[in-house]
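Down below is the structure, laid out as structure tokens.
Here, each number is a calculation from the coordinates, and none is a lab measurement. It should be emphasised that the depicted structure is a prediction, and the values quoted were computed from it without experimental measurement. We place every Cβ from the backbone using ideal geometry, glycine too, and count neighbours over all the protein chains shown.
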Amino acid sequence: MDVEVLGTTGSQFRLIAKGVDQSFINAIRRTIMADVLVPAIDRVFVAENSGCLYDEVLAHRMGLIPLRGGEGLVHPSACECGGKGCSKCEAILTLEVEAPEDNYAVYSGSLMAEGSVFVANNEIPLAVLNKSQRIVLEAHARLGSGKEHAKWQPVSGAVVKYLPIIKVDESKCALSAKCVDVCPKKILAIENKRLKVVSIWDCTLCKACVDACPSGAISISYDAKCAALSLESEGSLSPQELVLAACDVLTKKFESIKLALSDSKEAS
């Protein structure tokens, strides 16, 4: 298998794996979405809330705030406290704010960390208060995974895509440019009296160019042994960290299978 990291463009990260079945890359994608542990606010204790938002709505918004850190924390199911909540499986963040004026916006950056977990983005709006209204609360963050709840899913986008193959029969191509005009991704261009593919990975396999070509010079397929993994992190971990964490999770699962098979072989 040959892996090429294309790097990050804006908030998008992409890597390409050649010579491997798509299911292998898809396993990494599904593991990132379902099994990689990241912190999120799980319990909120509201001492005072004189704003217009109900406590439940405020707690729901806080649960969706991306958090970073959590080193040293264990999953509640693996903690000695049995998931009741202690310093080994929970990190505390506090919020205490009083509006100095009307229409005062409270942002995620107002959450103060008291442990290893902190807010990944300080600009997420939580509530709008009028003058003298207050919010005082304590939020408990825990590690979790996407299969438990969406607030623990570390990506806002995770896609696996085959390598598109666009073939142009130059003996049939009349350079009508109709395919260039209809392409939604604008990946086709006429250069030096030849039809060329500008950016193959941007092709969505819609086949609009095939339908538009009057001479039938274009054919589209895909390479099932070459796939691209595109990720957009929500902030808890970088895309590179997510891929590495997913590989660690899969490795542990494979080791468990090997151990179980070895034990059954010895028993027989």
Compute the angle between helix 239-267 and the longest alpha-carbon principal axis of the chain, please, reported from 0 to 90 degrees and rounded to the nearest 10.
90
Any cysteine of the chain lacking a neighbouring Cys Cβ under 4.7 Å - listed by number
C52, C173, C183, C203, C206, C213, C226, C247
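Report the local net charge at V106: Lys and Arg +1, Asp and Glu -1, summed over other residues whose C-beta lies under 15 Å from its C-beta.
Here the charged neighbours net out to -4.
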Compute, for the chain, the length of the dipole vector about the Cα centre, with Cβ point charges of +1 (Lys, Arg) and -1 (Asp, Glu) only. Units Debye, rounded to 20.
1300
Magnitude of the charge dipole, segment 1-119, Cβ model with Lys/Arg +1 and Asp/Glu -1, debye to 20
620
Which one, (i) 19.2; (ii) 21.9; (iii) 13.8, gives mean projected area of the Cα convex hull in nm² as derived from the coordinates shown?
(ii)
Put +1 on the Cβ of every Lys and Arg and -1 on every Asp and Glu Cβ in segment 194-268; which of L242, V210, A260 then has its Cα farthest towards the positive end of the dipole?
V210
Between G115 and residues 5 or more places away or on another chain, the pairs with built amide H atoms under 5 Å apart involve I92
Karplus ³J(HN,Hα) for segment 47-60 (6.51 cos²θ - 1.76 cosθ + 1.60, θ = phi - 60°; Hz, whole; x = Gly/Pro) runs 8, 7, 8, 9, x, 7, 7, 5, 4, 5, 5, 4, 5, 5
Starting from the amide H of L188, placed 1.01 Å from N in the peptide plane, find each other amide H under 5 Å away whose residue is 5 or more places distant or on another chain.
V198
If the cut-off is 18 Å between C-alpha atoms, which lysines fall inside it for K167, apart from same-chain ones fewer than 8 positions away?
K178, K185, K186, K193, K196, K207, K225
Put in order of increasing Cβ neighbours within 10 Å, starting from the fewest, F254, F24, F118, F13 give F254, F24, F118, F13
Taking Cα pairs closer than 8 Å and at least 6 residues apart, the relative contact order of segment 19-87 in percent is 30
Quick calc, E232 & D55: beta-carbon distance into FRET formula, R0 30 Å, rounding 0.05, result 0.45
Take the Cα radius of gyration of segment 149-261 and divide it by 2.2 N^0.38 Å, with N its residue count; two decimals is plenty.
1.54
Once the other residues with Cβ under 14 Å from the Cβ of Q22 are scored (Lys, Arg +1; Asp, Glu -1), what is the net sum?
+3
Report, to the nearest 10°, how far helix 22-34 tilts away from the longest principal axis of the Cα atoms in the chain, using its own Cα long axis and a range of 0 to 90°.
20
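Could you work out [θ]222 nm for the chain from helices alone, using -39500 (n - 2.57) per DSSP H run of at least four and dividing by all its residues? Round to the nearest 500 deg cm²/dmol.
Details: 5 runs with 61 residues, N = 268.
Mean residue ellipticity, 222 nm, calculated: -7000 deg cm²/dmol.
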At q = 0.21 Å⁻¹, work out log10 I(q)/I(0) for segment 1-133 with the Debye formula, treating every Cα as an identical point scatterer and leaving solvent out; two decimals please.
-1.23
Could you tell me the calculated FRET efficiency between E71 and V128, based on Cβ-Cβ distance and R0 = 41 angstrom, to the nearest 0.05?
0.75
Summed side-chain charge close to E138 - residues other than E138 whose Cβ falls under 15 Å, Lys, Arg +1, Asp, Glu -1:
-3
Could you list W152, W201 in order of exposure, starting from the residue whose Cβ has the fewest other Cβ atoms within 10 Å?
W201, W152
Using amide H atoms built in the peptide plane, which far-off residues or other-chain residues are under 5 Å from A120 H to H?
L67, R68
Could you pull out which residues in segment 112-138 have an amide N less than 20 Å from a spot 7 Å beyond the Cα of S87, following the Cα-Cβ vector?
112-118, 138
Express the relative contact order of the chain as a whole percentage, based on alpha carbon pairs under 8 Å and six or more residues apart in sequence.
26
